[in-house]
Amino acid sequence: MQTTGETAAKSLGRERFNAFIRKYAIVFILIFMLIALSILSPAFLKPGNLLNIIRQISVMGLIAIGVTMVIITGGIDLSSGSVLALAAVVASSLAQRLDWQGAKFPGLEVPVLVPVLAALAVGALCGTVNGSLIAKFKIPPFIATLGMMTVARGFALIYSDRPISSLTDPYNFIGQGAVLGIPLPIIILLVVALGAHILLNKTRFGRYIYALGGNEQAARISGINISRVKIGVYALAGTLAGLSGLVLSSRISSGQPGLGLGYELDAIASAVIGGTSLSGGIGTIWGTIVGALIIGVLNNGLDLLNVSAYWQTIVKGSIIVIAVIIDERKNR
């Protein structure tokens, strides 16, 4: 016959095991997908293909990190893809090579730091507007960012109704270069992810973000400046969207007003699949990165299997719905 202590120990063991499964289930799903796709397509596990997957998710991953912090506060950001496009065309216009009858004038070209700062500034400005509309004017995040999605895309089309090409080599290096054999976009993603993880878990601002998403009224009573935190989070998300526009335009050597269509949905999907709760207060950066990898592996695998792009959209939409259902059941 079991004693009370043995029963309690077994119950504690089961609880710890269940908590472990809940925490790392997303990793097991990713591993299962890797194994399944490697069996279905021998080309999947080639080093070049795996590196290409990570390079492809680098842009969306940058957006997803910012979106994760927004969702943790209980908000949402639908404007990321349009902000990416606006930042891309502005930065590209400042990074063009100066050619005259075949002759180049590198001394007259704008230093690469200028378009980099311009892309970040455009993103930060759009994000600050989003945050101000939400915090100061009490506009629901869905409506405020939906409006910015339309406005930013419109400004991108007004700024340049055609692709901007012929960009300088230093600018193209941001998206196409490599350091010690590692593509620079991947390095940028890893550095930003590490910085965001530290911000959320080791700083006062990060604690405020979680507190705001957990219970806004309690956070207000405890003395947290709610408006400042919201504006800061949306400004940071906008800055990361601007950075993603910089990376994407330099990678394809062109700034196009049509860039980023649907990226905000993939970013939200990455965050939700990675365990970020749409109710706010719960989420991790590492989970979002794993979620982005799942989206990237899924896209790549379906392409290798010659699955129609229309079916790919259906599959991704279904995964988002399933992830939200699981999130809601877990919150109960």
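The values are calculated or read from the model by the stated rules, or taken from the named source; none is laboratory data. No experiment lies behind these values; they were computed from the predicted model shown. Please note: Cβ atoms are built from the backbone with ideal geometry, for glycine as well, and neighbour counts cover all protein chains shown.
A few comments on the model shown:
- Identity of the residue in segment 140-175, among the polar types (S, T, N, Q) and crowded, with 16+ Cβ neighbours inside 10 Å, that ends up nearest to the chain's Cα centre (by Cα): 145
- Pick from segment 247-272, criterion aliphatic (A, V, I, L, M) and in a loop (DSSP other than H, G, I, E, B), ranking: surrounded by the most Cβ atoms within 10 Å (Cβ to Cβ): 259
- In segment 23-81, of all residues being small (Gly, Ala, Ser) and within 24 Å of residue 143 (Cα to Cα), the one that is modelled with the lowest pLDDT corresponds to 74.
- In segment 185-203, the residues that are farther than 29 Å from residue 229 by Cβ and touching a residue at least 60 places away in the same chain (Cβ under 8 Å): 185, 186
- Among residues of segment 193-246 being in a loop (DSSP other than H, G, I, E, B) and out of contact with any helix residue (DSSP H, G or I) (no Cβ under 6 Å at 6 or more places or on another chain), the one that is surrounded by the fewest Cβ atoms within 10 Å (Cβ to Cβ) is 223.
- Only a single criterion out of (1) closer than 30 Å to residue 216 by Cα; (2) buried (at least 22 other Cβ atoms within 10 Å of the Cβ); (3) modelled with pLDDT of 90 or more is not satisfied by residue 275, namely (3).
- Contact map, segment 248-266: residues that are under 18 Å from residue 288 (Cβ atoms) and modelled with pLDDT under 95 paired with residues that are crowded, with 24+ Cβ neighbours inside 10 Å and among the acidic types (Asp, Glu), Cβ distance under 9 Å, separation 6+ or inter-chain. Pairs shown: 264/77.
- Residue within segment 32-42 that is closer than 20 Å to residue 164 by Cβ, in contact with a helix residue (DSSP H, G or I) (Cβ under 8 Å, 6 or more places away or on another chain) and assigned to a helix (DSSP H, G or I) present: no
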